[in-house]
């Protein structure tokens, strides 16, 4: 007898990662996708989340809802970053358990690792040292999310899994001039400079920090891959108190190299100036992705190709904004 199509709730379906997960699931023929906008379901409201799970009979949850941002946003809104993320993941995980959800995938962030972590960063390096101060509240919330899933697995026998992506970019990104991550911030800055005929673009920091980037549809494909692993396969590759899996490209570049690549993709012909008086953040952050590769998944989108796709999506969004 055929198994019924699982009802899959994608929390945060309008965000960068959530929208990519919806794209991947639809492309693979999933039709029973359940989504709610922020206005329709406030995930920091536990009674509302409880009522949602009680009524929707969800089989799987992709927990991609989060308050996110770059260094500026994390520094400016630390209370909101820790409170909102703790509340969202606590409510969703707890109510998913109460409702008997079969499987849940929690999406974290590579900022969970120590600021000066050994490189490349293996999963077991978690909590070996101090976090990067500029995003510590967000990182603490994400660490709590991993431990939340592990604790429910240990006490209640749930099948709640966690993946930790590196820096993501692509369609659906946030291009806010101050509150965005590095790739969309650079795309926006070079695009605006080109449009305004500017002679130079100033970039925060020295340009020396090394960063790894992953195209968001690759992240979504990895998430679906990990979600669909047989329980015994996932369990054999992880440990009860070290159950998260890194997701990345396995390749890093300097911020300077990235800036020159984005300038080329956007077509800006002016100078790049680095403001070394601004914070650099973590010196290097490259994930060890050998565990995920051993489980049968590797990234497929080269950085240059991904940036072209991201810029095309940015331009399409600009056109749609003007039309609206």
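The helix-only estimate of mean residue ellipticity at 222 nm for the chain, built from DSSP H runs of length n ≥ 4 each weighted as -39500 (n - 2.57), is -14000 deg cm²/dmol after division by the residue total. Averaging the Cα positions of each part gives two centres, and for the range 229-292 and the range 116-167 these lie 16 Å apart. Here the extension length gained between residue 54 and residue 198 equals 46.3 nm, from 0.36 nm per residue of separation less the Cα-Cα distance.
Helix 46-56 and the long axis of the chain differ in direction by around 70°, with both axes built from C-alpha atoms. Summarised as an ellipsoid, the range 134-185 has semi-axes of 30, 13, 7 Å, derived from the eigenvalues of the Cα gyration tensor scaled by 5 and square-rooted, with the largest first.
Translational diffusion of the range 186-324, estimated by Stokes-Einstein from the Kirkwood radius over alpha carbon pairs at 20 °C in a medium of 1.002 mPa s, is 124 µm² per second.
Can you tell me the FRET efficiency between residue 273 and residue 308 if r is taken as the Cβ-Cβ distance and R0 is 35 Å, rounded to the nearest 0.05? About 0.90, to the nearest 0.05.
Which order do 54, 14 fall in if you start with the one that has the fewest other Cβ atoms within 10 Å? Provide the component values of the computation, followed by the final result.
Numbers: 54 11, 14 15.
Result, fewest neighbours first: 54, 14.
Sequence-distant contacts, meaning Cα pairs under 8 Å at least 6 residues apart, place the relative contact order of the range 8-323 at 20 percent.
Across all directions of projection, what mean area in square nanometres is found for the Cα convex hull of the range 20-160? All intermediate terms of the calculation are to be shown ahead of the outcome.
On the way: hull surface 38.7 nm².
The number I arrive at for the range 20-160 is 9.7 nm².
Over the Cα atoms of the chain, the radius of gyration divided by the Kirkwood radius equals 0.96; this is the Rg/Rh ratio.
First check a/c for the range 178-257, with a ≥ b ≥ c the square roots of the eigenvalues of its C-alpha gyration tensor; if it is under 1.5, answer rounded, and if not, answer prolate when a/b is larger than b/c or oblate otherwise. Since a/c reaches 1.5 and a/b is larger than b/c, the shape of the range 178-257 is classed as prolate.
Kindly identify the range 247-324 as rounded, prolate or oblate by the Cα gyration tensor criterion: order the square roots of the eigenvalues as a ≥ b ≥ c, call it rounded if a/c is under 1.5, otherwise compare a/b with b/c, prolate if a/b is larger, else oblate.
Values: a/c = 2.33, a/b = 1.26, b/c = 1.85.
Oblate shape, in that a/c is at least 1.5 and b/c is the bigger or equal ratio.
We did not get these values from a lab; they are worked out from the coordinates using the rules stated. Predicted model, so just to flag it, every value in this text is computed and none were measured. Heads up, the Cβs are rebuilt from the backbone with ideal geometry, glycines too, and the neighbour counts pull from every protein chain shown.
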